[in-house]
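Visitor: Here's a structure for you.
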Amino acid sequence: MFQLFQKSAAKLLGFKVPPVIAVNQCRALVQQQQQVPNLTDLNPFRAPRSVWIENLDTIEEQKVGIQQLSSEIFGAAPRIDIVHQNIEWQRKYRFVSFSHSKTRNEVRGGGRKPWPQKGLGRARHGSIRSPLWRGGGIAHGPRSPTTHFYMLPFFNRVLGLVSTLSIKLAQDDLHVVKDLGIPTEDPQYLRDLVQERAWGPSVLFIDSSDIMPRNITAGAEEIDHINLMPVYGLNVYSMLKHDTLVLTKAAAEEIEMKLTEHLHRTDARSLMTKFKVDR
């Protein structure tokens, strides 16, 4: 019956139907390819992003290699709403309001009853510092100090970093360098370097370690719009505050490794619990 159907299909469609053996071989080949892990990217349907590795030892730009960046971290669809949540969180979690208004008990005066309760035809009052009176206390006013601290959910923070890195790379505002070694500690060298490569007025250099080369540390110390930061301090607010983000090769690999681990970690339920101060 199957052979009869095979011949009929071949006549109708005008081509030869492959035998069952060939179909099984193709199916086995597809299964074998699916079992082979993709080492360059966790998602086999998206090619990794390729960026040039630049140098810092000369003012003129030189390409010294190519770096493969994971499209899951540096090529994700940007979530502008999550980026906005991260910005608002970073602005508010360390803000303490010192606005203060006095209640009727804190305003000076008003200890005696202004007039008797009955007999004068006036409205009854017990103090001239009541919130109903001019110069009286404020009801439900601001009290200091008032903290605006709250904790953004863990995966919102992770997706905020992923979205911001993807935005920076898509806008050609993310560059990868071999290391942060420069030949001199003169601040003018960094100014000429930024101007020559059109990196924008403000630049944020990211390295894998918080102990950075002496020359770039001394040179950037006198320039307000050029800052250095280790990987563990990377945040959404700082990346958007600076026009250009410059990563070292080691920093890019460490960021990719950590964010990939956080996106695929198995203890997600425990991380989404209510924030505790001692955690």
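Visitor: Would you confirm, using the coordinates I've provided, whether Arg157 is in a loop (DSSP other than H, G, I, E, B), of a type in the set (D, E, K, R) and either modelled with pLDDT of 95 or more or buried (at least 17 other Cβ atoms within 10 Å of the Cβ) (or both)?
Guide: So Arg157 fails the test.
Visitor: Restricting attention to the stretch 54-83, which residues are open to solvent by less than 40 Å² (accessible area, probe 1.4 Å) and in contact with a Lys or Arg (Cβ under 8 Å, 6 or more places away or on another chain)?
Guide: Residues satisfying the conditions are Glu54, Asn55, Leu56, Gly65, Gln67, Leu69, Ser70, Ser71, Glu72, Phe74, Gly75.
Visitor: Any idea how many residues of the stretch 170-210 are part of a helix (DSSP H, G or I), open to solvent by 50 Å² or more (accessible area, probe 1.4 Å) and either touching a residue at least 12 places away in the same chain (Cβ under 8 Å) or within 19 Å of Ser50 (Cα to Cα) (or both)? Before the answer, list the steps.
Guide: So the first thing to find is which residues in the stretch 170-210 are part of a helix (DSSP H, G or I), and the list is 170, 187-196.
Okay, now just the ones that are also open to solvent by 50 Å² or more (accessible area, probe 1.4 Å), so 170, 188, 191-192, 195-196.
Okay, now just the ones that are also either touching a residue at least 12 places away in the same chain (Cβ under 8 Å) or within 19 Å of Ser50 (Cα to Cα) (or both), so 170, 191-192, 196.
Within the stretch 170-210, residues that are part of a helix (DSSP H, G or I), open to solvent by 50 Å² or more (accessible area, probe 1.4 Å) and either touching a residue at least 12 places away in the same chain (Cβ under 8 Å) or within 19 Å of Ser50 (Cα to Cα) (or both) number 4.
Visitor: Can you tell me how many residues within the stretch 250-259 are buried (at least 22 other Cβ atoms within 10 Å of the Cβ) and free of Cβ contacts under 8 Å to residues at least 60 places away in the same chain? Full working, then the answer.
Guide: Step one: of the stretch 250-259, the residues buried (at least 22 other Cβ atoms within 10 Å of the Cβ) are 251-252, 255.
Within this subset, residues satisfying the condition of being free of Cβ contacts under 8 Å to residues at least 60 places away in the same chain are 251.
Residues flagged as buried (at least 22 other Cβ atoms within 10 Å of the Cβ) and free of Cβ contacts under 8 Å to residues at least 60 places away in the same chain within the stretch 250-259 amount to 1.
Visitor: Okay, next question. Please tell me if Ser163 is of a type in the set (Ser, Thr, Tyr) and either in contact with a Lys or Arg (Cβ under 8 Å, 6 or more places away or on another chain) or closer than 22 Å to Ile80 by Cα (or both).
Guide: Yes: the conditions hold for Ser163.
Visitor: Additional query: Regarding Arg134, is this residue without any contact (Cβ under 8 Å) to a residue 40 or more places away in the chain and open to solvent by 80 Å² or more (accessible area, probe 1.4 Å)? Before you say what the answer is, go through the steps one by one.
Guide: On the way: without any contact (Cβ under 8 Å) to a residue 40 or more places away in the chain: yes; open to solvent by 80 Å² or more (accessible area, probe 1.4 Å): yes.
So Arg134 fits the description; yes.
Visitor: Ok, one more. Identify, please: which residue in the stretch 223-242 is over 15 Å from the mean Cα position of the chain (by Cα) and not aliphatic (A, V, I, L, M) and is, among those, nearest to Phe155 (Cα to Cα)? Can you show your working first?
Guide: Just the residues of the stretch 223-242 that are over 15 Å from the mean Cα position of the chain (by Cα), to begin with: 223-228.
Checking which are not aliphatic (A, V, I, L, M) leaves us with 224-225, 227.
Numbers: Asp224: 32, His225: 30, Asn227: 27 Å.
Result: Asn227.
Visitor: Sticking with this structure for a sec: Criterion first (open to solvent by 70 Å² or more (accessible area, probe 1.4 Å) and among the charged types (D, E, K, R)) does Glu88 satisfy it? Don't jump to the end; show me each part of the working.
Guide: On the way: open to solvent by 70 Å² or more (accessible area, probe 1.4 Å): no; among the charged types (D, E, K, R): yes.
For Glu88, the condition - open to solvent by 70 Å² or more (accessible area, probe 1.4 Å) and among the charged types (D, E, K, R) - is not met.
Visitor: Which of the following residues is open to solvent by 30 Å² or more (accessible area, probe 1.4 Å) and either in a strand (DSSP E or B) or within 18 Å of Gly160 (Cα to Cα) (or both): Leu247, Leu240? Working first, answer last.
Guide: Numbers: Leu247 fails: open to solvent by 30 Å² or more (accessible area, probe 1.4 Å).
Just a single option satisfies the conditions, and that option is Leu240.
Visitor: Next up: If we scan the stretch 244-257, do we find a residue that is more than 11 Å from Phe205 (Cα to Cα), under 15 Å from the mean Cα position of the chain (by Cα) and small (Gly, Ala, Ser)?
Guide: yes
Visitor: Here is a further query. Condition first: part of a helix (DSSP H, G or I) and in contact (Cβ under 8 Å) with a residue 40 or more places away in the chain. Now tell me which residues in the stretch 218-237 satisfy that.
Guide: If the condition is that a residue be part of a helix (DSSP H, G or I) and in contact (Cβ under 8 Å) with a residue 40 or more places away in the chain, then Val236, Tyr237 are the ones that fit.
Visitor: For the stretch 86-94, does any single residue satisfy the condition of being at pLDDT 95 or above, acidic (Asp, Glu) and farther than 18 Å from Ala170 by Cα?
Guide: yes
The values are calculated or read from the model by the stated rules, or taken from the named source; none is laboratory data. None of these values were measured; they are calculated from a predicted model. Here the Cβ is made from the backbone with ideal geometry for all residues, glycine too, and neighbour counts use every protein chain on show. Heads up: the accessible areas ignore ligands, DNA and RNA and are worked out on the full protein's heavy atoms, side chains in. Shrake-Rupley method; radii C 1.70, N 1.55, O 1.52, S 1.80 Å.
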